[in-house]
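Everything below concerns the one structure shown next.
The values are calculated or read from the model by the stated rules, or taken from the named source; none is laboratory data. Predicted model only: the values in this text are computed from it and were never measured. Positions of Cβ are backbone-derived with ideal geometry, glycine not excepted, and every protein chain shown enters the neighbour counts.
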Amino acid sequence: MANVMGFFHFLLLLSCFPFSLALPQINSNSVLVALLDSHYTELAELVEKALLLHTLEESVGKHNLTIFAPQNEALERNLDPEFKRFLLEPRNLKSLQTLLLYHIVPARIESHSWPNSTSHSLLHPTLSHHRVQLSRQDSTGAKFIGTARVINPNAVNRPDGVIHGIEQLLIPRSVQQDFNNRRSLRSISAVKPEGAPEVDPKTHRLKKPAPPVKPGAAPVLPVYDAMAPGPSLAPAPAPGPGGPHHHFNGMRQVKDFIQTLVQYGGYNEMADILVNLTSLATEMGRLVSEGYVLTVLAPNDEAMAKLTTDQLSEPGAPEQIIYYHVIPEYQTEESMYNSVRRFGKVSYDTLRLPHKVLAQEADGSVKFGHGDGSAYLFDPDIYTDGRISVQGIDGVLFPPEEKSKEEKKTIKVATAKPRRGKLLEVACRMLVAIGQDSRFTTCHV
């Protein structure tokens with residue numbers, strides 16, 4: 001911090017000389033000096049570490065700046081330690097710069113510049129070339145920038161800019177994607193799950209083990225055999241002693257994608273079902289740890305709010321709903337759209353046996369489901385890390401109702417009278433002539 005203040009004092013001394021320099025003129029009343037001397041010390045230190053001082057000096061010389069400064073607690077305690085460690089790594093300098101510039105708008109935004117209701121919102125470009133949304137909550141009148149609430153509007157007001165205090169860090173989508181893809185090949189290498197030794201019933205000897213599988217190869221067992229015990233589902237095989245290690249860290253990846261859902265906004269209900277109402281997050285983490293890949297079709301909050309109490313009250317109903325939204329394949333928005341463009345209709349397997357989800361092209365997007373219970377691909381590629389793909393949809397999908405009763409076909413059997421031979425016919429006529437036909441029942445047919 002002392003180095004930063006010394007640098008600005010040096011600029012102030014240079015401004016006193018009569019000759020002109022190429023550097024912009026920064027005075028003591030600048031919003032940048034106010035930021036470095038304010039209570040937002042954590043943000044100021046990150047700006048220094050990101051080597052952004054020169055960039056901000058050039059920006060403030062051209063136009064006013066609006067800085068959305070997270071409070072120190074949001075950066076010290078509330079930020080994921082692993083994410084903070086990722087930002088401070090030298091190789092991730094570009095991601096740190098993008099994140100910090102995402103908090104700075106090259107325009108002056110006063111506290112009265114927010115829209116008056118939730119039905120209106122404003123988008124402003126930032127120095128990171130992303131856009132941030134200004135909105136207001138009708139019930140409380142709280143002001144929001146993206147998903148962060150403004151807790152101290154006009155905290156610092158200077159002629160060349162203004163600083164608003166916000167309660168949490170704003171994370172652009174590109175930085176979150178870089179964080180999701182941070183893992184090296186060694187940390188995500190996987191092996192096939194090993195089962196207990198099997199005995200050949202004929203020879204009463206141990207069966208020869210299967211040839212070794214290279215790390216990173218797809219599991220041999222289908223995903224349904226690895227799922228937790230349930231209706232018509234078998235439990236996963238127990239791992240054998242002394243087996244190879246270095247599995248996928250599935251729990252970390254599931255945690256990352258749920259955290260991405262929450263930060264993305266509009267998918268809190270889906271995250272709540274995965275974590276609180278069911279144990280599906282743990283189950284999905286175990287599947288990914290064993291080398292399986294998953295694509296999650298995540299309904300947004302507006303779609304989840306339409307679910308009735310009857311649809312969720314039955315035992316196991318939330319699990320069955322989510323199972324129908326999980327595809328045991330790795331699909332992105334591009335791959336699914338290319339498939340439906342090429343083949344028209346594509347049926348994807350789901351974790352809810354034996355039902356499949358139908359996908360087809362509609363209005364330049366991908367449409368899932370049948371008839372009125374269909375949903376469109378609304379937010380593509382919310383999370384993609386090579387193992388888990390999350391695609392946002394605008395409806396909750398249900399499998400088509402099975403026919404409870406099959407039509408019964410009645411078969412009519414035609415009965416014909418038995419025919420008598422010619423010799424028998426002649427004999428019966430002779431018996432009738434002498435009045436003895438009553439003794440033979442064959443003659444009465």
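Of all residues in the range 357-383, those that are over 10 Å from ASP394 (Cβ atoms) and assigned by TED's automatic domain parsing to the domain that holds ILE321 have Cβ atoms under 7 Å from Cβ atoms of residues that are of a type in the set (Ser, Thr, Tyr) and assigned to a helix (DSSP H, G or I), 6 or more apart or on another chain, in VAL366/TYR337; ILE382/THR260; ILE382/TYR264; TYR383/THR260. Scanning the range 112-143 for residues that are in a strand (DSSP E or B), more than 12 Å from PHE68 (Cβ to Cβ) and of a type in the set (A, V, I, L, M, F, W, C) gives LEU122, LEU123.
What residue, of LEU297, LEU274, is in contact (Cβ under 8 Å) with a residue 24 or more places away in the chain, closer than 18 Å to GLY392 by Cα and part of a strand (DSSP E or B)? Only one candidate passes the filter, namely LEU297.
Selection of first residues in the range 156-172 that are free of Cβ contacts under 8 Å to residues at least 12 places away in the same chain and of second residues that are among the aliphatic types (A, V, I, L, M), restricted to Cβ pairs under 9 Å at least 6 apart or on distinct chains, gives the following pairs, ordered by first then second residue: ASN157/VAL31; ASN157/ALA34; ASN157/ILE163.
Got at least one residue in the range 25-40 being in a helix (DSSP H, G or I) and either more than 14 Å from VAL156 (Cα to Cα) or not hydrophobic (A, V, I, L, M, F, W, C) (or both)? No: the range 25-40 contains no residue that is in a helix (DSSP H, G or I) and either more than 14 Å from VAL156 (Cα to Cα) or not hydrophobic (A, V, I, L, M, F, W, C) (or both). Is it fair to say SER347 is touching a strand residue (DSSP E or B) at 6+ places or on another chain (Cβ under 8 Å), more than 22 Å from ASP385 (Cβ to Cβ) and either surrounded by fewer than 19 Cβ atoms within 10 Å (Cβ to Cβ) or among the β-branched types (Val, Ile, Thr) (or both)? It is true that SER347 is touching a strand residue (DSSP E or B) at 6+ places or on another chain (Cβ under 8 Å), more than 22 Å from ASP385 (Cβ to Cβ) and either surrounded by fewer than 19 Cβ atoms within 10 Å (Cβ to Cβ) or among the β-branched types (Val, Ile, Thr) (or both). Scanning the range 365-388 for residues that are touching a helix residue (DSSP H, G or I) at 6+ places or on another chain (Cβ under 9 Å) and of a type in the set (S, T, N, Q), which turns out surrounded by the most Cβ atoms within 10 Å (Cβ to Cβ)? Ranking the qualifying residues of the range 365-388, first place goes to THR384.
Specify which of the listed residues (ALA74, ALA44) is over 25 Å from PHE257 (Cβ atoms), surrounded by 16 or more Cβ atoms within 10 Å (Cβ to Cβ) and not charged (D, E, K, R). After ruling out the rest, the residue left standing is ALA44. When THR140 is tested against the conditions (1) surrounded by fewer than 14 Cβ atoms within 10 Å (Cβ to Cβ); (2) on the phi > 0 side of the Ramachandran plot, the lone failure is (2). Just so you know, in the range 95-111 the residues that are in contact (Cβ under 8 Å) with a residue 60 or more places away in the chain and assigned to a helix (DSSP H, G or I) include one that is nearest to HIS164 (Cα to Cα), and it is LEU99. Hey, can you tell me all the residues within the range 308-317 that are in a loop (DSSP other than H, G, I, E, B) and in contact with a Pro (Cβ under 9 Å, 6 or more places away or on another chain)? Residue satisfying the conditions is GLY316 alone.
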